[in-house]
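A quick write-up on the structure given underneath.
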Amino acid sequence: MLQKVIESYHQHFGGDFLLVQSPGRVNIIGEHTDYNNGFVLPAAIDKIACVAIGKADNKVIALHAAAFHQNYQSSVELLLPAALGWPNYILGVADQMIKRGYPIEGFNLVLDANVPPGSGMSSSAAVECATAIALNELFELHIPDAELADIAQKAEHHFVGVMCGIMDQFASIFSKKDHVIKLDCRSLEYELIPLDLKEYKILLLNTNVHHSLASSEYNTRRRQCEDGVSIIQKKYPQVNSLRDVDENMLKELKNDPLLFNRCSYVFEENKRLADACNYLQQGDLNNLGQLMYQSHEGLSKKYEVSCPELDFLVEKVKHHPSVLGARMMGGGFGGCTINIIKEDSIETVVTQVSATYLQETGKELTSYIAETSDGGSVIHDLSKI
């Protein structure tokens, strides 16, 4: 893929360029907690977005998506969301930098990625962060990594229209191979926790379902959590987000079962994440897996962001002796389940589950073994590509 990006840049633009990669991510546990100022436990994976970028002589931003064979142009002086879709993940980053006073000039950029879109691996953050790192390097802006993550997140808010939390972008920039990041989404303090899965692997099972509900319902869940906080604040004015809520405070929502379910899920998920970190540090993968099953149950029944296909995949592996834990991952309504599975059983389990999934849903199942990786970076040595 990297060679394809280089060749495409030579073909469409020519001249000097930088090559930058930034990864997608998995999240072991802690879903829909980031925009509630809670905790998350992501790790970057070996699926990436890659951009080749070079300066242009004018104020034009010229983009090419190698996967779609599509071009797009915009002016640096008038950046607006594009109807086409994919350019917004790039334009939104440039827009954020300009609004913060960073001197962005015209540039040429070629994009390609092997993070499957709609899979819950955060292909969007991979593109945003690759772009942010590339622009920072190209124009020598010296933007700190934490601000690059914030720029990428705000790009998605304002140009894509998804009010995502900071987890995906933070993981795409700060991750370290063979570790997970315990990230406090309020303070952005983080701890790298070694991920030693022993004879187990992270297996992603992709439903190949991407419901149109995903973005709209994501924003709806965020509003519902904010509504719950507003009600709790009437009695507990010190509460600023669900991060500040305890079990007793949730009783203020007893007259609204929907908001109670949404908010109690977030409260419980933050507790599960703290327990998960302890289990990882103790090497207790069995109890970690049980927390993942509990997380899926909450996401499906209380937070209601699962779908029949995701529920089917989790249920299908739940009693398999080689699978320690499984749950839906990402925004929901499709995408992948994340599974902790014994390495020597992967082929057997995938074959069995694929057959029953096809029979039950009429859809093909796609599987990926996810290896952890470092965060995004400039690729300086092109001779090794």
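The values are calculated or read from the model by the stated rules, or taken from the named source; none is laboratory data. Predicted, not measured: the structure shown is a model, and the values here were computed from it. Here Cβ is always computed from backbone atoms with ideal geometry, including for glycine, and neighbour counts include all displayed protein chains. Note: areas computed on protein heavy atoms with side chains; ligands, DNA, RNA excluded. Shrake-Rupley method; radii C 1.70, N 1.55, O 1.52, S 1.80 Å.
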* Please specify each residue of the stretch 1-24 satisfying the condition of being touching a helix residue (DSSP H, G or I) at 6+ places or on another chain (Cβ under 8 Å) and either open to solvent by less than 10 Å² (accessible area, probe 1.4 Å) or assigned to a loop (DSSP other than H, G, I, E, B) (or both). => F17, L19, V20, S22, P23, G24
* Which residue, of Y89, Y72, Y35, is open to solvent by 10 Å² or more (accessible area, probe 1.4 Å) and closer than 30 Å to K271 by Cβ? -> Y35
* To do: For the stretch 128-142, state whether one or more residues are open to solvent by less than 40 Å² (accessible area, probe 1.4 Å), within 18 Å of G375 (Cα to Cα) and in a loop (DSSP other than H, G, I, E, B).
  => no
* Asked: Does any residue of the stretch 250-257 turn out to be open to solvent by less than 30 Å² (accessible area, probe 1.4 Å) and within 23 Å of the chain's Cα centre (by Cα)?
  -> no
* surrounded by fewer than 21 Cβ atoms within 10 Å (Cβ to Cβ) and among the small types (G, A, S): does that describe S306? -> no
* Considering only residues of the stretch 143-164 that are over 18 Å from V20 (Cα atoms) and surrounded by fewer than 20 Cβ atoms within 10 Å (Cβ to Cβ), which is modelled with the highest pLDDT? -> D150
* For K251, indicate whether it is part of a loop (DSSP other than H, G, I, E, B) and of a type in the set (K, R). => no
* To do: Could you figure out which of (1) part of a loop (DSSP other than H, G, I, E, B); (2) open to solvent by 10 Å² or more (accessible area, probe 1.4 Å); (3) not acidic (D, E) isn't true of V239?
  => (2)
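Yes or no, residue by residue, for (1) touching a Lys or Arg at 6+ places or on another chain (Cβ under 7 Å); (2) modelled with pLDDT of 95 or more:
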{"residue": "S8", "(1), (2)": "no, no"}
{"residue": "G54", "(1), (2)": "no, yes"}
{"residue": "A66", "(1), (2)": "yes, no"}
{"residue": "L79", "(1), (2)": "no, no"}
{"residue": "A83", "(1), (2)": "no, no"}
* **Where E217 falls short, out of the listed (1) acidic (D, E); (2) without any contact (Cβ under 8 Å) to a residue 24 or more places away in the chain; (3) buried (at least 16 other Cβ atoms within 10 Å of the Cβ)** => (2)
* Search result, residues across the stretch 327-354 that are out of contact with any His (no Cβ under 7 Å at 6 or more places or on another chain), aliphatic (A, V, I, L, M) and at pLDDT 95 or above -> I338, I340, I341, I346, V350, V353
* Structure fact -> Of the residues in the stretch 309-319, those that are open to solvent by 10 Å² or more (accessible area, probe 1.4 Å) and touching a residue at least 24 places away in the same chain (Cβ under 8 Å) come to E309, F312, K316, K318
* To do: Please enumerate the residues belonging to the stretch 33-59 that are under 22 Å from Y190 (Cα atoms) and touching a helix residue (DSSP H, G or I) at 6+ places or on another chain (Cβ under 6 Å).
  => T33, D34, Y35, N36, N37, G38, F39, V40, L41, P42, A44
* Could you tell me whether D275 is open to solvent by 10 Å² or more (accessible area, probe 1.4 Å) and more than 27 Å from D227 (Cβ to Cβ)? => yes
* To do: Select from the stretch 43-66 the residues that are open to solvent by 20 Å² or more (accessible area, probe 1.4 Å) and touching a Leu at 6+ places or on another chain (Cβ under 8 Å) and list them in ascending order.
  => K55
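Listed here are the residues, each with its yes/no results for (1) closer than 30 Å to H157 by Cα; (2) in contact with a His (Cβ under 8 Å, 6 or more places away or on another chain).
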| position | (1), (2) |
| --- | --- |
| I232 | yes, no |
| E247 | no, no |
| Y265 | yes, yes |
| A274 | yes, no |
| Y279 | no, no |
| G289 | no, no |
* Taking the stretch 92-104 on its own, how many of its residues are open to solvent by 30 Å² or more (accessible area, probe 1.4 Å) and not basic (K, R)? -> 4
* Could you tell me which of the residues S377, S322 is open to solvent by 20 Å² or more (accessible area, probe 1.4 Å) and touching a residue at least 12 places away in the same chain (Cβ under 8 Å)? => S377
* Asked: In the stretch 105-115, how many are open to solvent by 10 Å² or more (accessible area, probe 1.4 Å) and either over 15 Å from N71 (Cα atoms) or free of Cβ contacts under 8 Å to residues at least 12 places away in the same chain (or both)?
  -> 3
